[in-house]
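One structure is given here, and the rest of the page talks about it.
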Amino acid sequence: MRLPKLPNLKKYTFEFLSIFIAVISAFGLNNWNDHRRDRVAELKIMGNNIETYTNG
């Protein structure tokens with residue numbers, strides 16, 4: 001098996017790093033969005049509970 005020439009190696013390394021960074025960023029944004037949605041739902045539920053208990 002012959003190794004690719006150096007310019008091809010640089011190209012493939014750049015492509016790999018670009019895809020890796022894009023995938024890691026997508027997972028990070030998805031995680032952040034899930035936590036944000038959970039927090040919004042939590043605040044809505046807490047607001048409903050406070051309203052229920054204060055209005056009796």
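No value in this document is a laboratory result; all are computed from the given coordinates. This is a predicted model, so every value here is computed, not measured. Note: ideal-geometry Cβ built from the backbone for every residue, glycine included; neighbour counts use all protein chains shown.
Dipole of the chain computed with +1 at Lys/Arg Cβ and -1 at Asp/Glu Cβ about the Cα centre; of Phe16, Leu6, Thr54, farthest Cα towards the positive end is Leu6.
In this structure, Asp34 and Thr54 have a Cβ-Cβ separation that, at R0 = 25 Å, corresponds to a calculated FRET efficiency of about 0.25.
The alpha-carbon atoms of the chain, seen along their principal axes, cover 78, 17, 5 angstrom, with the largest extent given first.
Taking only Cα atoms, what is the 0 to 90° angle, nearest 10, from helix 6-55's long axis to the longest principal axis of the chain? Rounded to the nearest ten degrees, it is 0.
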